[in-house]
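The next block holds one structure in the form of structure tokens; read it before the comments.
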Amino acid sequence: MKEKDRNLIYRFCELGGTYLLIALIFMMPISVIFRQILMRGEYFPVVLDLFSAALLFITLIKLTQGVMRFKQKLLLILLLIGISLIFLSALNSLNQSFSFQGKPSRYEGFTTWCCYFTLLLSSLSLCEEKHRRWVLYAMLGAGLINGIYTIIQYFEIMPRLTYYSELYREVKLVPGLCGNANFLAANMVMLSGIGAAGFIMAQNWRQELFFLGSLMFSITIVLMTKAMGGLLGLCIVFLLMITVMLKEWKQRPHWRMDSGQLTILGTAAILLVLLIMLVTNHPLMQRFIQQLQDGLGPLLGETISEKSGSGRYLVWKNALNFIPQTWLLGSGPDTFGLLYHSVYPLNNAQYYDKAHNEYLEVLLTMGLPMLLCLLSIYGTCLKNILQRFISKQATWVSAACLFAVCGYLVQAFFGISYMLSAHLLWILLGLGAGQQLNESKMRNYAD
């Protein structure tokens, strides 16, 4: 093949993959707005399927035409093993329709997992750093749309456009454009990681103000959700941020304050806000104290009740009893509700269709081999992200992917995977790991 033709193929695949990822990131929340306007249908599963198919097509062209290569094949092998295990689990499912297509309103079946792995592979295949940055900026842009919608929803400014469940409206558990307050919190935790990394890696004061504003905006939305998993994810992002600031901040001479002063000032401001909320008996502080008591009670020896950890502890305790019969292939993707309620009755008329812990969910519905495979995928990606981050070639992309992915994976201990948020995780995993694992064969375009 002529060099000119190879260049043309490379540019088509590189730009095509980038633009498709950006379009997907914006179309996922926008499709929810269309549903709200039309008051029927759920379009985001179709959006994810169509864009994933297009991304897979472009990525396969890129891989087969010799314009790029992967330095290591381990991650590709893990993805193939994962797809095979999920397929076998779906064949062995309690409900094959749920397991292949996904349960209505959840859509976490075999098809969706194929889309997730495709997003990882396509973002992993991006070769140019500027294109990775474009994708991160797209995430912040989509997050801005989601956040503005959430604020309008929270204050009920346009109730016909931003309507949601009356049960959640009574306690202001706003779902934004993610379908649920917990999903929204998971989304914003990742965006807070991107903002925090941008603030640390900024090259001038304008970038610092932009990313600081993005970070504060994401934090505000997480607080609106009242999701404890989201708050835990934020804590991880802040811990990583402060650690890096204390180590690297002296290299940012355009700030008048050093890292110690800035850290002390920020900590004092947070403590002051918490003190004011405590003294004024703020509803959010009341909820935090109540959930803290519910969550810590069983850990301190109290009997696990239906309210412990917002009901999660009881579900986890009961769900563990299924491991001996589901450890190999599970009950099938997206069938936790069928498995759980085949033995345990409804709790106050509440149907638990998820385990409220992503890792336990995978263990019970897809088996121990799939859980180990999934953790290996996460571990391989994080290892490569961390290697890039601690090297002299660290960039905003590597820092953003590290902060955002760690924040999400920690909150996942109390959360649920859902495509309106989880698609960002798989893109971030690919963007970060791709800095280390892929290599362009086109000299003119190599980083």
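The values are calculated or read from the model by the stated rules, or taken from the named source; none is laboratory data. The shown structure was predicted, so the numbers you read here are calculated from the model rather than taken from an experiment. All Cβ positions, glycine included, derive from the backbone under ideal geometry; neighbour counts span all protein chains shown.
Numbers at a glance
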| read-out | value |
| --- | --- |
| Number of the exception - residue 393 against (1) part of a helix (DSSP H, G or I); (2) surrounded by fewer than 23 Cβ atoms within 10 Å (Cβ to Cβ) | (1) |
| Residues that are crowded, with 20+ Cβ neighbours inside 10 Å, closer than 27 Å to residue 286 by Cα and either of a type in the set (Val, Ile, Thr) or in contact with a strand residue (DSSP E or B) (Cβ under 9 Å, 6 or more places away or on another chain) (or both), drawn from region 180-231 | 189, 219, 221, 222, 225 |
| Number of the exception - residue 344 against (1) in contact with a helix residue (DSSP H, G or I) (Cβ under 8 Å, 6 or more places away or on another chain); (2) modelled with pLDDT of 95 or more | (2) |
| Among the residues listed as 198, 179, 143, the single one being among the small types (Gly, Ala, Ser), within 21 Å of the chain's Cα centre (by Cα) and assigned to a loop (DSSP other than H, G, I, E, B) | 179 |
| Residue match in region 1-11 (condition: surrounded by fewer than 17 Cβ atoms within 10 Å (Cβ to Cβ) and among the aromatic types (Phe, Trp, Tyr)) | no |
| Any hit, region 54-70, residues being within 24 Å of residue 26 (Cα to Cα), of a type in the set (A, V, I, L, M) and out of contact with any helix residue (DSSP H, G or I) (no Cβ under 6 Å at 6 or more places or on another chain) | yes |
| Condition check for residue 122: farther than 22 Å from residue 51 by Cβ and either modelled with pLDDT of 95 or more or crowded, with 24+ Cβ neighbours inside 10 Å (or both) | no |
| All positions within region 164-179 that are crowded, with 20+ Cβ neighbours inside 10 Å and farther than 17 Å from residue 414 by Cα | 174, 176, 177 |
| One residue from 102, 147, 193 being within 30 Å of residue 322 (Cα to Cα) and either in contact with a Ser or Thr (Cβ under 9 Å, 6 or more places away or on another chain) or among the aromatic types (Phe, Trp, Tyr) (or both) | 102 |
| Residue match in region 90-97 (condition: touching a Lys or Arg at 6+ places or on another chain (Cβ under 6 Å) and not in a helix (DSSP H, G or I)) | no |
| Yes/no for residue 93 being of a type outside the set (Val, Ile, Thr), within 20 Å of residue 21 (Cα to Cα) and buried (at least 18 other Cβ atoms within 10 Å of the Cβ) | no |
| Qualifying residue in region 88-109 (condition: on the phi > 0 side of the Ramachandran plot, touching a residue at least 40 places away in the same chain (Cβ under 8 Å) and among the hydroxyl-bearing types (Ser, Thr, Tyr)) | yes |
| In region 360-375, the residues that are more than 18 Å from residue 341 (Cα to Cα) and either in contact with a Phe, Trp or Tyr (Cβ under 7 Å, 6 or more places away or on another chain) or not in a helix (DSSP H, G or I) (or both) | 367, 368, 371 |
| Selected residue [more than 27 Å from residue 425 (Cα to Cα), surrounded by fewer than 16 Cβ atoms within 10 Å (Cβ to Cβ) and at pLDDT below 65] from 266, 301 | 301 |
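Condition check ((1) touching a helix residue (DSSP H, G or I) at 6+ places or on another chain (Cβ under 7 Å); (2) closer than 19 Å to residue 354 by Cβ) across all residues:
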position	(1), (2)
150	yes, no
157	no, no
161	yes, no
177	yes, no
187	yes, yes
195	yes, no
